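Beneath this line is the structure, given in structure tokens, with notes to follow.
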């Protein structure tokens, strides 16, 4: 029997907790999934709010400020034990590969998480749209133009960017597991998530509150936003995120650590 690495001991423990919670209290698991988009929605809101201010100071500053502030979303999600669909793409794939989860249980965990992330994203997006920073926004502000740009991407762009986005997100998750110091863990998460946020890559769960907030804040008049454009983005972002988080990071590292070699994580 191959020795288990310290990293995968932690991953197995997390998988077992998810399995136990969804089997013993489905509603509690659902609420933890809603909470993930509460924190994502707050992170998205402050990131775009400060980016709009930054663009008034200097063109290009907004994007830097957005990426830095958005990065705190994952810090909140991890420290508050919320359930995020994109990280669960890694956990469920690893769980099936390592025979810690059956395929039906893995699918139940992942699909439940994504569905209630969506519910949370829409609800939080609507509520934040009622707050002062998102009242009376100019049509050409940084927030609206950023969302319009997302909706105008080609299928290939969305797919490839989504792959990279979830490689980055799950790298942050795995690196944080290996950090022993909270300060180091927080800094690692922030600077790793900064990569995908600054590059504008596609993260299906983050787009739930972002698209919802943009729709409600614009009164449904945002340029380029239609049911078809939103669905196009979300579907291919979901596929790309699973490839990046589930296949590349999840299955890839599970296979690398299923070895008798001493070179394990």
Answer residue from the range 1-38, given it is at pLDDT below 95 and outside any helix (DSSP H, G or I) and is surrounded by the fewest Cβ atoms within 10 Å (Cβ to Cβ) among those: 1
From the options 120, 41, 125, residue that is in contact with a helix residue (DSSP H, G or I) (Cβ under 6 Å, 6 or more places away or on another chain), at pLDDT 95 or above and closer than 21 Å to residue 239 by Cα: 120
Residues of the range 66-110 satisfying the condition of being under 15 Å from residue 245 (Cβ atoms) and without any contact (Cβ under 8 Å) to a residue 12 or more places away in the chain: 96
Hits in the range 56-80 (condition: more than 12 Å from the chain's Cα centre (by Cα) and in a loop (DSSP other than H, G, I, E, B)): 58, 59, 60, 80
Matching residues, the range 157-201, being without any contact (Cβ under 8 Å) to a residue 12 or more places away in the chain and not in a helix (DSSP H, G or I): 179, 180, 181
Only listed residue being assigned to a helix (DSSP H, G or I), at pLDDT 95 or above, closer than 21 Å to residue 48 by Cα and over 17 Å from the mean Cα position of the chain (by Cα), chosen from 210, 237, 214: 214
Condition met for residue 136 (over 20 Å from the mean Cα position of the chain (by Cα) and at positive phi): yes
Residue pairs meeting the criteria (Cβ under 6 Å; at least 6 apart or on separate chains; first surrounded by fewer than 19 Cβ atoms within 10 Å (Cβ to Cβ), in the range 203-225; second modelled with pLDDT under 95 and in a loop (DSSP other than H, G, I, E, B)): none
Where residue 251 falls short, out of the listed (1) at pLDDT below 95; (2) in a helix (DSSP H, G or I): (1)
Among the candidates 61, 123, residue that is without any contact (Cβ under 8 Å) to a residue 60 or more places away in the chain, surrounded by 16 or more Cβ atoms within 10 Å (Cβ to Cβ) and over 30 Å from residue 258 (Cβ atoms): 61
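The values are calculated or read from the model by the stated rules, or taken from the named source; none is laboratory data. Quick caveat: nothing in here was measured; it's all calculated off a predicted structure. Counting neighbours? That spans all protein chains shown, and the Cβs are built from the backbone with ideal geometry, glycine included.
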